[in-house]
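Here's the structure, in structure tokens; my notes come after.
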Amino acid sequence: MNNIKRNVIITADGSTTIEMDGWNEHYHSTHGAISEARHVFIQNGLTYWKSMNVKAEVCHLLEIGFGTGLNTWLTYIASQDDDVVMNYTGVEAFPIDSELVSKLNFTKQISSDHASIFKEIHDVKWNERAKLSKLFFLEKMTKKTEEVDDTNLYDLIYFDAFGARVQPELWTTSIFRNMFTALKFGGVLVTYSAKGSVRRAMIDVGFVVERLPGPIGKREMLRASKKN
Ligand SMILES: C[S@@+](CC[C@H](N)C(=O)[O-])C[C@H]1O[C@@H](n2cnc3c(N)ncnc32)[C@H](O)[C@@H]1O
């Protein structure tokens with residue numbers, strides 16, 4: 001995958017994403033990168049989890065596929081006014097280089113006030129836990145999704161792997177069993193995918209799965225909960 005050329009393109013809401021040359025696959029929806037990230041991960045993931053855990057003091061969050069850092073940055077912005085400690089772990093097997101990062105327009109699209117934090121997120125050294133604010137901690141891990149082997153650690157998982165068409169090995173019962181184990185009871189996993197086979201794999205390993213309206217251009221998405 002490292003040999004594939006990556007190009008920055010503009011999606012329908014004006015925000016950038018990265019296309020994998022020759023794969024017809026992108027880091028975000030071409031209907032809108034920011035719109036998708038806000039809808040799937042922030043609104044139906046983070047905001048939902050907070051609404052179900054109003055007394056929580058800490059949120060341990062795992063992202064599968066750190067990619068451009070868009071989800072991390074939006075999570076930082078969305079958490080700023082809370083009293084919740086965010087422990088954000090981003091797993092990424094193929095980090096992008098700084099030239100690609102410099103071509104992303106997220107801060108111009110949403111908030112140039114937060115441009116410096118977007119840069120800080122990318123400057124954080126890989127495999128070291130960094131403090132980005134009083135309450136926000138980030139560790140970017142260069143490892144494979146297949147190697148995630150935590151137990152009862154996370155409250156929330158952003159499952160943002162490339163699609164099952166190009167990486168079927170990341171949408172299997174075995175991977176979702178590891179995700180289920182990595183979550184605490186009461187924990188939640190959200191993903192943009194709404195494929196029947198993905199939903200069935202989640203149910204097979206014990207998740208309670210909801211089909212929710214998808215972001216612009218997609219009918220549905222999935223939210224999987226690890227209930228007590
Ligand atoms: C859909 S993109 C993630 C987009 C990202 N969440 C963002 O906000 O930009 C999928 C990411 O998974 C990474 N990836 C591919 N195979 C992987 C693997 N086996 N383990 C971990 N990451 C992988 C890719 O390099 C890519 O960054």
Scanning the range 125-142 for residues that are exposed (fewer than 15 other Cβ atoms within 10 Å of the Cβ) and within 16 Å of the ligand (Cβ to nearest atom), the one nearest to Leu170 (Cα to Cα) turns out to be Thr142
Cβ pairs under 7 Å, 6+ apart or interchain, first in the range 13-30 and in contact (Cβ under 8 Å) with a residue 40 or more places away in the chain, second among the basic types (Lys, Arg), ordered by first then second residue, are Thr16/Lys103; Ile18/Arg6; Met20/Arg6; Ser29/Lys218
If we ask which residues in the range 99-113 are touching a residue at least 12 places away in the same chain (Cβ under 8 Å) and more than 15 Å from the ligand (Cβ to nearest atom), their number turns out to be 1
Return yes or no: is Asp160 away from the ligand (no atom under 16 Å from the Cβ), buried (at least 17 other Cβ atoms within 10 Å of the Cβ) and within 30 Å of Ala194 (Cα to Cα)?
-> no
Could you please find all residues in the range 194-217 being touching a strand residue (DSSP E or B) at 6+ places or on another chain (Cβ under 6 Å), over 9 Å from Phe176 (Cβ atoms) and part of a loop (DSSP other than H, G, I, E, B)?
-> Ala194, Gly214
Only unsatisfied item for Ile9, checking (1) within 18 Å of the chain's Cα centre (by Cα); (2) assigned to a strand (DSSP E or B), is (1)
When the range 5-40 is checked residue by residue, the ones that are touching a strand residue (DSSP E or B) at 6+ places or on another chain (Cβ under 9 Å), closer than 18 Å to Arg165 by Cβ and among the small types (Gly, Ala, Ser) are Ser29
Does Ile121 meet the test of being of a type outside the set (D, E, K, R) and closer than 16 Å to Ser225 by Cα?
-> no
Across the range 165-174, what is the total count of residues that are touching a helix residue (DSSP H, G or I) at 6+ places or on another chain (Cβ under 7 Å) and either at pLDDT below 95 or near the ligand (Cβ under 9 Å from one of its atoms) (or both)?
-> 1
Listed by range, strands (runs of 3 or more DSSP E) wholly within the range 125-173 having at least 2 residues that are touching a residue at least 60 places away in the same chain (Cβ under 8 Å) and under 18 Å from Leu189 (Cβ atoms) are 154-159
Do we have any residue at all in the range 47-69 that's in contact (Cβ under 8 Å) with a residue 40 or more places away in the chain, among the polar types (S, T, N, Q) and within 9 Å of the ligand (Cβ to nearest atom)?
-> yes
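The values are calculated or read from the model by the stated rules, or taken from the named source; none is laboratory data. Because the structure is a prediction, the values reported are computed rather than measured. FYI the Cβ positions are ideal-geometry reconstructions off the backbone, even for glycines, and counts take in every protein chain you see.
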